[in-house]
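Down below is the structure, laid out as structure tokens.
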Amino acid sequence: QLQLVESGGGLVQPGGSLRLSCVGNGFSLDNYAIAWFRQAPGKEREAVSCIRNDDGDTYYTDSMKGRFQISRDNAKNTVYLQIHRLTPEDTAVYYCAADHTGLCAPPDDDWGQGTQVTVTS
């Protein structure tokens, strides 16, 4: 099982921004497509975005386009999720996951423990 570590969450006011980070612990993220998911209290987990490792193409859930941006810095072994214009509905635990196929396709078997994003005034 691959170990992924998320960070960058916290408490932020509506309209603010956060940049979440996903780092591979002891392995290179460059060998995998990396996806971001989130799960809000009382709701099912939902996909946010994914970035491929071969060509760097990015994919977004339609409702996430615009306010969310995924990127990767292979030199830092990190995948980022930038979130702008945060709303209370964005409050959730955000997870990153490694896709062994590299194609941004299920299944995503290796997950981090998540980072909490809380948006409130």
(Q) Among the residues of the range 99-107, are any of a type in the set (D, E) and under 17 Å from R45 (Cα atoms)? (A) yes
Q.
Every residue in the range 1-44 that is part of a loop (DSSP other than H, G, I, E, B) and acidic (D, E), please.
A. E44
Q) Quick one: in the range 26-59, which of the residues that are over 14 Å from T115 (Cβ atoms) and in contact with a Phe, Trp or Tyr (Cβ under 6 Å, 6 or more places away or on another chain) is surrounded by the fewest Cβ atoms within 10 Å (Cβ to Cβ)? A) R45
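Let's see how each residue does on (1) within 14 Å of G8 (Cβ to Cβ); (2) in a strand (DSSP E or B):
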site	(1), (2)
R72	no, yes
V79	yes, yes
Q82	yes, yes
R85	no, no
Y94	yes, yes
A98	no, yes
T101	no, no
D108	no, no
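Quick one: in the range 60-102, which of the residues that are of a type in the set (F, W, Y) and open to solvent by 30 Å² or more (accessible area, probe 1.4 Å) is nearest to T120 (Cα to Cα)? Talk me through it step by step, then tell me what you get.
First, the residues of the range 60-102 that are of a type in the set (F, W, Y): 60, 68, 80, 94-95.
Among the residues that remain, those that are also open to solvent by 30 Å² or more (accessible area, probe 1.4 Å) are: 60, 95.
Values: Y60: 25, Y95: 20 Å.
Per the criteria, the residue is Y95.
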Q) Restricting the first residue to the range 61-78 and requiring it to be free of Cβ contacts under 8 Å to residues at least 40 places away in the same chain, which pairs with a second residue that is open to solvent by 50 Å² or more (accessible area, probe 1.4 Å) and among the charged types (D, E, K, R) meet a Cβ separation below 9 Å and a spacing of at least six or different chains? A) T61/E46; S63/E46; M64/E46; G66/R85; R67/R85
**Q.** Residue satisfying all of: in the range 45-70; part of a loop (DSSP other than H, G, I, E, B) and among the polar types (S, T, N, Q); nearest to C104 (Cα to Cα) among these
**A.** N53
Q) Can you find even one residue in the range 7-25 that is surrounded by fewer than 15 Cβ atoms within 10 Å (Cβ to Cβ) and under 14 Å from N77 (Cα atoms)? A) yes
(Q) Between a residue in the range 11-30 that is within 26 Å of L86 (Cα to Cα) and any residue that is among the acidic types (D, E), which pairs come within a Cβ distance under 6 Å, given they are 6 or more apart or on different chains? (A) C22/E6
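Looking at this structure, is A105 at pLDDT 95 or above, open to solvent by less than 80 Å² (accessible area, probe 1.4 Å) and of a type in the set (A, V, I, L, M)? If you could, list the steps in order and put the result at the bottom.
Details: at pLDDT 95 or above: no; open to solvent by less than 80 Å² (accessible area, probe 1.4 Å): yes; of a type in the set (A, V, I, L, M): yes.
Taking the combined requirement at face value, the residue does not satisfy it.
The values are calculated or read from the model by the stated rules, or taken from the named source; none is laboratory data. Remember, it's a predicted structure, so these values are computed and weren't measured experimentally. For neighbour counting, all protein chains shown are included, and Cβ atoms are generated from backbone atoms with ideal geometry for every residue, glycine included. With ligands, DNA and RNA removed, areas are computed over all heavy atoms of the protein, side chains included. Shrake-Rupley method; radii C 1.70, N 1.55, O 1.52, S 1.80 Å.
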